[in-house]
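Heads up, the thing below is written out as structure tokens.
Just so it is clear, none of the values below were taken in a lab; they were calculated from the coordinates. Note that the coordinates shown come from a computational prediction; the quantities given were computed from them, not determined experimentally. All Cβ positions, glycine included, derive from the backbone under ideal geometry; neighbour counts span all protein chains shown.
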Amino acid sequence: MKNRRYFAEIIILSPNNQHRYMQDKIKYEMEFPIHSSPQLLYQYISTPSGLSEWFADNVNSRGELFTFIWDGSEERAKVVRKKSGELIKFRWEEGQDDTFFEMKIVVDEITKDVSLLVTDFTEEDEMDEAKMLWENQVADLKQVLGSA
């Protein structure tokens, strides 16, 4: 299953008895060595066709708005930063304003080894599951790239 969204709701009763929903998430980073050229890897992390190969069942885009489809459910994210050949950063349409997920290509200056640095957010008690999901997804990416 490729669904990667994690949400838990905390209901806070405000003084005037109105409910607010909060998502308490923490930032984490993971680095994955990838045996691929940075240019090819960038195509797989930044284009709908590339992302459809490993990240979601299907991905569509209209400009900076990407629609990710998993098992028939859709989630939309906006590209908030993009640096050609290097990184792409998305913000979920229904997520917190300060949370995002980013995929950045890192090339070691000396060895020229290529890595994919993933930055994401999840709840503390979901950390192991979130990391395992990224590990599984990147394993799929490596297989698609012939890098496994």
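When the range 86-126 is examined, which residues are found to be aromatic (Phe, Trp, Tyr) and touching an Asp or Glu at 6+ places or on another chain (Cβ under 7 Å)?
Residues satisfying the conditions are 92, 101.
Being acidic (Asp, Glu) and part of a loop (DSSP other than H, G, I, E, B) narrows it down to one residue among 135, 102, 94, 129; which is it? Step through it out loud before you land on a result.
Values: 135 fails: part of a loop (DSSP other than H, G, I, E, B); 102 fails: part of a loop (DSSP other than H, G, I, E, B); 129 fails: part of a loop (DSSP other than H, G, I, E, B).
None of the others qualify; the one that does is 94.
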Restricting to the range 122-139, name every residue that is more than 13 Å from residue 29 (Cα to Cα) and more than 11 Å from the chain's Cα centre (by Cα). 123, 124, 125, 126, 129, 136, 139
Could you check, for the range 82-91, whether at least one of its residues is basic (Lys, Arg), within 19 Å of residue 141 (Cβ to Cβ) and in contact with a Leu (Cβ under 9 Å, 6 or more places away or on another chain)? no
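State whether the residues of the range 105-126 include one that is in a helix (DSSP H, G or I) and either of a type in the set (Ser, Thr, Tyr) or surrounded by 14 or more Cβ atoms within 10 Å (Cβ to Cβ) (or both). Spell out how you get there, then give the answer.
So the first thing to find is which residues in the range 105-126 are in a helix (DSSP H, G or I), and the list is 124-126.
With the extra rule that they be either of a type in the set (Ser, Thr, Tyr) or surrounded by 14 or more Cβ atoms within 10 Å (Cβ to Cβ) (or both), the set shrinks to 126.
Taking every residue of the range 105-126 in turn, at least one turns out to be in a helix (DSSP H, G or I) and either of a type in the set (Ser, Thr, Tyr) or surrounded by 14 or more Cβ atoms within 10 Å (Cβ to Cβ) (or both).
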Only one of (1) in contact (Cβ under 8 Å) with a residue 40 or more places away in the chain; (2) under 25 Å from residue 34 (Cα atoms) does not apply to residue 82, and that is (1)
Contact list please: Cβ distance under 6 Å, first residue in the range 33-58 and within 12 Å of residue 116 (Cβ to Cβ), second residue hydrophobic (A, V, I, L, M, F, W, C) and surrounded by fewer than 16 Cβ atoms within 10 Å (Cβ to Cβ), pairs at least six apart or on different chains. 38/107; 54/144
Within the range 92-103, is even one residue in contact with a helix residue (DSSP H, G or I) (Cβ under 9 Å, 6 or more places away or on another chain) and surrounded by 15 or more Cβ atoms within 10 Å (Cβ to Cβ)? yes
